[in-house]
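Worksheet for the structure shown next.
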Amino acid sequence: MSLGKMSKRLWSSIGTRLTLWGAGLTTVLIAIVSVLLYAGMSLSMRSQIDAFLEGEIHELMLTVRAHPNDDAYLEDYFRRELGVRTRNDLGFRLIDEQAKIFVSSAMNEVLAGLWIAPESWYSDAPHLLCETLEPQGAPYAHRVCSIRTQTADGRVCTAQSSYSLDQMTESLARIRRFAVVILALTPFVAVGVGGFLARRSLRPVRDIIRSARSIGALDLRSRITLSGTGDEMDQLAATLNGMLERIEEKVREIQRFTADAAHEIRTPLTALRGNAELALLRLRSPEELQHTIEESIAQYERLQRIADDLLLLARIDAREVIFNREPVSLDTILEDMRELYAPIAEDKGLSLEVQKPSGVVVHADSGRLRQVIGNLLDNAIKYTPVPGRVTISVSQENEATNICVADTGIGIPEGDLPKVFGRFYRADPARCASSSPGAGLGLSICRSIVNAHGGAIKIGSTMGAGTIVTVQLPSEHASTTPPPWVHGESPSDIKEALKDRSHPSVRYG
């Protein structure tokens, strides 16, 4: 692996980025803190020295006032007093208006000629002045505090105390060296500690990655183990587990769909092969061959319907179906559907009624809407025994149009209602009133088409009383947002309608 690829791989790691960012921020933070601490300690030391020198000046003035006109005594006294100090760091002096020192505690005055009185020093009110002086050739600077005063014999002068900054300078130098060492070590320590913490913090992520990689398409039952802390990692694991559950359910649906589709296709294919094999067993009369061909054509048509329905569902799921929505009059559509299905109902001994207000218009694809109503009528006629009645009714409420197809058929068990819109769902053949129950795709197609129109479909049924399927579509100028219905529910209003023989959508023969 090349150096460039290795560095790119390392930088792509969240742990590496967190470690480097943490180390950099820690180093910068410690540098800022060190600078602030250094400046604070320097100012604090200087303030303490200034306070000490101010006190020494006041003691100096008390001694000066006690011995007027005796400069020699004062000088000798100061030298004896300061001579007992272990460090020669403190000094006293008196300076006249010509900047000449006439009393000094030091034999060799290193500050002679360095201090110059500020302008208007002797004319302004007396005040304390502290400053730092650096004698030429001296290893350390001196802190000097001065104040204008007057001796008992009337001489105007400046009383001055000074303190060598050797200890302060050496202390600050040690602090600087220590800070430099700390700053030099900080990145390495921060990288080590940050790397350890990053690896420890990201350990749950690595566990999640390993668990996720171990879950394959053939084994979706495994789940990521939660640590039980309730932190963000647990929330991530719970979210992934929820996603796996949804994926597992979809895979099961696909598997069921594949098995059902294969079964539905195999049935007509088996019939076709059986017819062909029987025709080849012996010579057949023209009438027998014609009958065999007719049965084969019927099976071909069944295969064609299944293929067309599956293709339509797949295209709707992929949003490849274009719906030509336009204002559609329900009067025309329902009348056409009545003319088409009334003979079928009459052949079976059923009555078909259409109840509709005039002038109802919806915004829909006319062909697809006919397909929905046709599927519902086909199911209603198929599962309604003689004598019975199938009714289509139309109503409007809240800018929506309801199309209800009701029958007095055998009904659907309540436990099966959530499944009726599933693909390849069919009722129990023992309760089916038709010898050809169909492929079980009709209601699934109805739901897909209605949903694509921004509408909703719901169903209610009572065993032995009948079934009502309600399609709700937005009116021509209504919003196309689907209402919050749960497909497959059995609403109480539909149940009540099934129990009520006076309901306009349900009639019993």
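So here's what we get for this one:
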read-out: Enumeration of residues in segment 214-255 that are under 19 Å from Gly15 (Cβ atoms) and at pLDDT below 80; value: Ser227
read-out: Residue identified as at pLDDT below 80 and open to solvent by 30 Å² or more (accessible area, probe 1.4 Å) among Ser479, Ser505; value: Ser479
read-out: Pairs with Cβ under 7 Å, 6+ apart, first in segment 111-132 and more than 15 Å from Ser161 (Cβ to Cβ), second among the acidic types (Asp, Glu); value: Tyr122/Glu97
read-out: First in segment 21-35 and at pLDDT 90 or above, second anywhere and surrounded by 14 or more Cβ atoms within 10 Å (Cβ to Cβ) and of a type in the set (S, T, N, Q), Cβ under 6 Å, 6 or more apart; value: Thr27/Thr186; Ile30/Thr186
read-out: Thr239 in a helix (DSSP H, G or I), out of contact with any Ser or Thr (no Cβ under 7 Å at 6 or more places or on another chain), open to solvent by 40 Å² or more (accessible area, probe 1.4 Å) and of a type outside the set (Phe, Trp, Tyr); value: yes
read-out: Any hit, segment 65-78, residues being closer than 18 Å to Thr132 by Cα and among the hydrophobic types (A, V, I, L, M, F, W, C); value: no
read-out: Filtered residues of segment 161-217 (kept if within 30 Å of Arg93 (Cα to Cα) and charged (D, E, K, R)); value: Asp166, Glu170
read-out: Identity of the residue in segment 92-108, at pLDDT 85 or above and not in a strand (DSSP E or B), that ends up surrounded by the most Cβ atoms within 10 Å (Cβ to Cβ); value: Ser105
read-out: Qualifying residue in segment 33-43 (condition: exposed (fewer than 14 other Cβ atoms within 10 Å of the Cβ), touching a helix residue (DSSP H, G or I) at 6+ places or on another chain (Cβ under 9 Å) and not small (Gly, Ala, Ser)); value: yes
read-out: Members of segment 318-334 that are free of Cβ contacts under 8 Å to residues at least 40 places away in the same chain and open to solvent by less than 60 Å² (accessible area, probe 1.4 Å); value: Ala318, Ser329, Asp331
read-out: Candidate set from segment 242-279 (those that are open to solvent by 60 Å² or more (accessible area, probe 1.4 Å) and among the β-branched types (Val, Ile, Thr)); member that is farthest from Ile293 (Cα to Cα); value: Ile247
read-out: Residue, most open to solvent (accessible area, probe 1.4 Å), within segment 458-476, restricted to residues that are of a type in the set (A, V, I, L, M) and more than 15 Å from Asn379 (Cα to Cα); value: Met463
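The values are calculated or read from the model by the stated rules, or taken from the named source; none is laboratory data. Note that the structure is predicted; figures quoted are calculated from it, not measured. Reconstructed Cβ throughout: ideal geometry from the backbone, glycine too, with neighbour counts over all protein chains shown. The area values use the complete protein model at the heavy-atom level, side chains included, leaving out ligands, DNA and RNA. Shrake-Rupley method; radii C 1.70, N 1.55, O 1.52, S 1.80 Å.
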